[in-house]
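Participant: Input: one structure, supplied below.
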Amino acid sequence: MVDTTRSAALARQAVSQRVKDNMSAVLGTQAPVQRLRRQYFYQVCVALYELLFVSHRLPKQGFKRFYPEGEEHLQSALQKGKGAIVYAPHIGNFFFAYWYLSQRYPCLAVVTAQSAELRPLRRHLSQNGVVFLLGDFSRPEFPLGHMFGKKTPLPRGAAMLALEGNAPVIPFYCRRKKGVAHQLTFFAPLNLHEHYEKNQTAEAMEQLYSFLEDAVRAVPAEWLYWFYVDERWTTEDYHAGEVS
């Protein structure tokens, strides 16, 4: 029992140190990393509490926990009849964000959106639906993109869908406003098809990767992936102007 407790304590310390090191590597040594690390673990715990004990009450409570900002960007985009891709990082309680979207729009959620998963999403967008796509998930087999100056395997499904169907991309993130209330921020649509050809998926994704970086820097304590972001990086540095 003592050995188990000691092992658990060492594991917690290792994760805590790793989060601190990754925050320092991305945000810089001048960032208040100690405070952000404490806030990060607090946010993770509150999100787990919400999923376990609050989520079942959402239908009864309606939208009173949510404070949308810029939602008119999504609504105006849908008026064009091409559907819309709500593109987000894993910031805040993204489960609750999806619940909100699914109650207000015909919405599908997807994490990777690689080739095998695109067919039903294309059909959904063609019916003027909404696709909630979390774009910062990483797997070794994904094509290389760029985040925080490092080459990182990232999915390109958002750009593929946008360029094939002329669907606007709405950058978005959810952050905790206070307690169990949530700020939902929708940004102006990106019409990638107006700037890139269909074979320029990698180039179009660079614009979306930049948004992911900006969102993480804006709400650093609420980004999920601090615990293993270093594992996502390849050994090659990214140089400005380079597209994989």
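Since every read-out is calculated from the coordinates, none of them should be taken as a lab result. These numbers come from a predicted model, not from an experiment. Heads up, the Cβs are rebuilt from the backbone with ideal geometry, glycines too, and the neighbour counts pull from every protein chain shown.
Participant: Rounded, prolate or oblate: which fits the stretch 145-185, taking a ≥ b ≥ c as square roots of the Cα gyration tensor eigenvalues, rounded meaning a/c under 1.5, else prolate when a/b beats b/c?
Facilitator: Because a/c hits 1.5 or more and a/b fails to exceed b/c, the stretch 145-185 counts as oblate.
Participant: With label points built 7 Å along Cα→Cβ from the Cα atoms of Glu213 and Val15, find their separation and express it in nm.
Facilitator: Reported label-point gap for Glu213 and Val15 is 2.9 nm.
Participant: Using a 10 Å cut-off around each Cβ, can you sort Leu184, Leu108 from fewest to most neighbouring Cβ atoms?
Facilitator: The most exposed by this proxy come first: Leu108, Leu184.
Participant: Step by step: find N for the chain, compute 2.2 N^0.38 Å, then divide the Cα radius of gyration by it. What's the final number?
Facilitator: Rounded to two decimals, the normalised Rg is 1.05.
Participant: Let's test the formula: R0 of 30 Å, r as the Cβ-Cβ distance of Lys178 and Ser24. What FRET efficiency results, to the nearest 0.05?
Facilitator: Using R0 = 30 Å, I get an efficiency of 0.60.
Participant: What distance in nm separates the simple spin-label points at Lys80 and Tyr49, each placed 7 Å from Cα in the Cβ direction?
Facilitator: 4.2 nm
Participant: Could I ask something else about it? So, in nm, how far is label Tyr67 from label Gln39 when the simple model puts each one 7 Å beyond its Cα toward the Cβ?
Facilitator: 1.5 nm
Participant: What GluC sites (Glu not before Pro) does the stretch 151-218 have in DSSP loop regions with at most 13 other beta carbons within 10 Å?
Facilitator: For GluC sites (Glu not before Pro) across the stretch 151-218 that sit outside H, G, I, E and B with at most 13 neighbouring Cβ atoms in 10 Å, the list reads Glu197.
Participant: Could you derive backbone 3J(HN,Hα) for the stretch 128-138 from the dihedral phi with the Karplus parameters 6.51, -1.76 and 1.60 (θ = phi - 60°), listing whole Hz in sequence and x where the residue is Gly or Pro?
Facilitator: Whole-Hz 3J(HN,Hα) from phi for the stretch 128-138: 6, x, 10, 10, 8, 10, 8, x, 9, 6, 10.
Participant: Can you put Phe137, Phe53 in order of Cβ neighbours within 10 angstrom, beginning with the fewest?
Facilitator: Phe53, Phe137
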